[in-house]
Amino acid sequence: MDERIYTEIEQLGSLRLQELRARYREVFGEDARTAHKHHLVRQIAWRLQVQAQGDLSERARRRALEIADDADLKHQVPPHWDGKPPAARSGRGGRRAARIPVAGTLLRRVYRDRTVVVKILPDGIEYEGRRYGSLSAVARAVTGTRWNGLLFFGLTQRGERRRHGVR
């Protein structure tokens, strides 16, 4: 590629946002739909390279479209998604597994001649007056060994697989 193009691409990073938006208008013939500086630099650099070296071959373009058509894309927004990053959500910072019952539910299980009763809270699990972060933590407290909490409390079966929310 021409040394002039390399130099121009390197200089894009030092441009102010307004200058990048003007340069975008020059190379694309339309206004930029983003105000993200790094994204504008990448788009302009790509366009300059295409103008200097040419675009994808027709064969490569068709193959890319085939791959995109075959992609397993999510068509629905996950039910827990609220637009906030996980750290900004209330509670412990993560999302609650869909297989855990709603808050207020009591789960019972007999283990070695004693009945284990836990209460599902909005932000954890309560067992014998103590709070736990997961059913697995409760199962470990009860048994002294590591358990899958869903399996221990009978909410799933061994070997049961879930893929993309479908059993």
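Would region 47-60 turn up any residue that is more than 19 Å from Asp2 (Cβ to Cβ), in contact with a helix residue (DSSP H, G or I) (Cβ under 6 Å, 6 or more places away or on another chain) and not in a helix (DSSP H, G or I)? Let's see the steps before the verdict.
Just the residues of region 47-60 that are more than 19 Å from Asp2 (Cβ to Cβ), to begin with: 56-60.
Okay, now just the ones that are also in contact with a helix residue (DSSP H, G or I) (Cβ under 6 Å, 6 or more places away or on another chain), so none.
There is no residue in region 47-60 that is more than 19 Å from Asp2 (Cβ to Cβ), in contact with a helix residue (DSSP H, G or I) (Cβ under 6 Å, 6 or more places away or on another chain) and not in a helix (DSSP H, G or I).
In region 86-112, how many are under 15 Å from Phe152 (Cα atoms), open to solvent by 60 Å² or more (accessible area, probe 1.4 Å) and either at pLDDT below 90 or charged (D, E, K, R) (or both)?
The total comes to 4.
Of all residues in region 21-43, which are under 22 Å from Asp55 (Cβ atoms) and assigned to a helix (DSSP H, G or I)?
Correct list: Arg23, Tyr24, Arg25, Glu26, Val27, Phe28, His39, Leu40, Val41, Arg42, Gln43.
Could you please tell me which pairs satisfy a Cβ distance under 6 Å, a separation of 6+ or placement on different chains, a first residue in region 121-147 that is closer than 18 Å to Thr105 by Cβ and without any contact (Cβ under 8 Å) to a residue 60 or more places away in the chain, and a second residue that is open to solvent by 70 Å² or more (accessible area, probe 1.4 Å) and not polar (S, T, N, Q)?
Gly124/Arg131; Glu126/Lys119; Ala139/Trp147
Going by the structure shown, is Tyr6 of a type in the set (Phe, Trp, Tyr) and at pLDDT 90 or above?
Details: of a type in the set (Phe, Trp, Tyr): yes; at pLDDT 90 or above: no.
So Tyr6 does not fit the description; no.
Go through region 113-158 and give me each residue that's polar (S, T, N, Q) and surrounded by 12 or more Cβ atoms within 10 Å (Cβ to Cβ).
The answer is Ser134, Ser136, Thr143, Asn148, Thr156.
The values are calculated or read from the model by the stated rules, or taken from the named source; none is laboratory data. Values in this document were obtained by computation on a predicted structure and should not be read as measured data. With ideal geometry, Cβ positions are generated from the backbone for all residues, glycine too; neighbour counts draw on all protein chains shown. These accessible areas exclude ligands, DNA and RNA; they are computed on the full protein's heavy atoms, side chains included. Shrake-Rupley method; radii C 1.70, N 1.55, O 1.52, S 1.80 Å.
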